[in-house]
Amino acid sequence: MHLCQCTFYKCKDSTTPDGRQGCLLDARIFKKHEKAETLTQLHKNASAAQTQALEKHDVELAQAVDSMTLSDLVSHPAVAQPVLPSTGTDSPFNRTKRLLARLEEIEGGLNDIEGNISTIGDAPAHTDDGTLSETLIALGNIK
């Protein structure tokens, strides 16, 4: 008889008649329990490795996305550029150049807005007395 202390069949939770932790099993059943325990442990290890790899991949993707700018997205080959007939100043190169310039301008505006928002602080989103709109008008010359 073999003393089995596997967790798969919960033999570890049992106690033998002589007070030891585990179950007394014949050789055939003991091998079955041992195989199940080994497979369970391999599955747990594979799941942990998969989870770790996915988390690492998520971190790498997040870092890549954080480092991108709007101009990176436009110049990326996966972004489809409209195909129009090229006539003089309206060539694809000039359109792309103007689009990149406009996107950089928008990105600069977004940075300005972000700075304005950080200066506002934790002001309430809606006020009846108009102080929020007055603050926004003062900060961004909004009319």
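Taken together, the values in this text are just the output of simple stated rules run on the coordinates, not laboratory data. If you're wondering where the values come from, they're calculated on a predicted model, not measured in any experiment. Note: ideal-geometry Cβ built from the backbone for every residue, glycine included; neighbour counts use all protein chains shown.
I want the local charge near HIS33. Using Cβ-Cβ distances under 12 Å, sum +1 for each Lys or Arg and -1 for each Asp or Glu among the other residues.
Summing Lys and Arg as +1 and Asp and Glu as -1 gives +3.
Can you give the FRET efficiency for ILE29 and ALA62, using 1/(1 + (r/R0)^6), R0 = 41 Å, r = Cβ-Cβ distance, to the nearest 0.05?
Calculated value: 0.25.
Would you mind checking which residues have amide H under 5 Å from SER14's amide H? H placed 1.01 Å from N; only 5 or more apart, or other chain.
The list, which skips near neighbours in sequence, is GLY22.
How much net charge surrounds GLY108 when only the other residues with a Cβ under 14 Å from the Cβ of GLY108 are counted, with Lys and Arg +1 and Asp and Glu -1?
-4
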